[in-house]
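Readers should treat all values here as calculations from the given coordinates under stated rules, not as data from a laboratory. What you see is a predicted model; the values in this text were computed from it and never measured. Neighbour counts run over all protein chains shown; Cβ positions are idealised from the backbone, glycine included.
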Amino acid sequence: MKRELPDTQGEADTRNLAIDRVGVRGLHFPVQIREVAGSLQHTVATVSLAVDLPARHKGTHMSRFVEALNSHGTVLDVRHIAGLPAELLRRLPAERAHVEFRFPFFITKTAPVSGAPGLMDYQATFEVEASTRRTRFTLHVEVPVATLCPCSKAISDRGAHNQRGLVRLSVRFKKKPVFIEELVRLVEDSASCELYSVLKRPDEKAVTERAYDNPVFVEDVVRNVAQRAGSHAPISWFRVEAENYESIHNHQAFAVIEGRTP
């Protein structure tokens, strides 16, 4: 006769302390991300899955998170990923679920003068928070940029210091989805110059001069991004953080704006 194994995590807990979020993280999972042109890009996501845990339960069933992930499929867009938290809530005794898929997203960019192609990678995250009443989707992108200091340009006889910066933009949108490529372009248009993976000498001259002709403080970058995000019709909420890895200081400069659109 087969002995029934004890369900330890299903036992009652007497400490009367609910847990806000419990689950698994660091899972690597192959996914396909829908591009603005309609094609699918293959990449690998680092996944975090979690639910709340009522005070009466000792633990959650960790294997059910991975089961839900594997049964959900590998195509990620707003419609597909919104169903995963609902699946977690169906499988587990919870009222709230949280899902994150963080992955590199690749865009082919051509150098401005030579036209040499090269892949640029951007970190993106699909985040979904769901309850029995509502589901909220947030798209995060991290875009590296170049910035040139306006103060340094104004006071220096020979050149101006510049640095690489990182802009983190998070958005929520109304009915029409926003694509990763749209947010990348919005951010890159807000800096002194965008970055490329391949640059020949004529290209290097062009991007250096472009940055010199378009100096921006970190404050300018967040304001530029916020202005563009606020006028982008599908976006209903945004948060933008710009961080400059200073080339002549041993610290970073940063600025943050959060806002909603009408």
The chain - charge dipole about Cα centre, Lys and Arg +1 at Cβ, Asp and Glu -1, debye rounded to 20: 760
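FRET efficiency for V36 and D13, Cβ-Cβ distance as r, R0 = 45 Å, nearest 0.05?
Values: r = 48 Å, r/R0 = 1.06.
So the FRET efficiency works out to roughly 0.40.
Just subtract the alpha-carbon distance of A154 and Q227 from 0.36 nm times their residue separation and send over the number in nm, one decimal. Numbers along the way, then the final one.
Numbers: separation 73, 0.36 × 73 = 26.28 nm, distance 2.52 nm.
23.8 nm is the gain from fully extending A154 to Q227.
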Set of lysines with alpha-carbon distance to K200 below 16 Å, sequence-local pairs under 8 removed: K109
Whole-Hz ³J(HN,Hα) from phi, Karplus 6.51 cos²θ - 1.76 cosθ + 1.60, for region 114-127, glycine and proline x: 6, x, 5, x, x, 8, 10, 9, 10, 7, 10, 9, 9, 10
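By count of other Cβ within 10 Å, fewest leading, how are T208, T110, T14 ordered?
Values: T208 16, T110 13, T14 8.
Arranged by neighbour count, lowest to highest, T208, T110, T14 become T14, T110, T208.
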Estimated FRET transfer efficiency when R0 is 22 angstrom, pair T46-T74 (beta carbons, to 0.05): 0.95
Length-normalised contact order for the chain - Cα pairs under 8 Å, 6+ apart - percent: 14
Reachable aspartates and glutamates, given that their alpha-carbon falls under 17 Å from the alpha-carbon of K205 and they are not under 8 places away in the same chain: E194, D213
Sparse-neighbourhood loop sites, trypsin sites (Lys or Arg not before Pro) in region 93-198 - DSSP loop, at most 13 other Cβ within 10 angstrom: R133, R134, R158, K174, K175
Principal-axis tilt of helix 62-72 within the chain, Cα atoms, nearest 10 degrees: 60
Unit charges at the beta carbon, dipole of the chain: most positive-side option, I235, H251, A211: I235
Highest-MSF residue in the chain out of A124, A160, A50 [GNM, Cα springs under 10 Å]: A160
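Let me check against my output: what whole-number percent is the relative contact order of region 2-75, with C-alpha pairs under 8 Å and at least 6 apart?
Values: 111 pairs, mean separation 29.6, N = 74.
So the answer I get is 40 percent.
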Leading residue at positive end of dipole, the chain (Cβ point charges), from T110, V198, Q123: Q123
Separation of the E67 and V22 label points, Cα + 7 Å toward Cβ, nm: 1.7
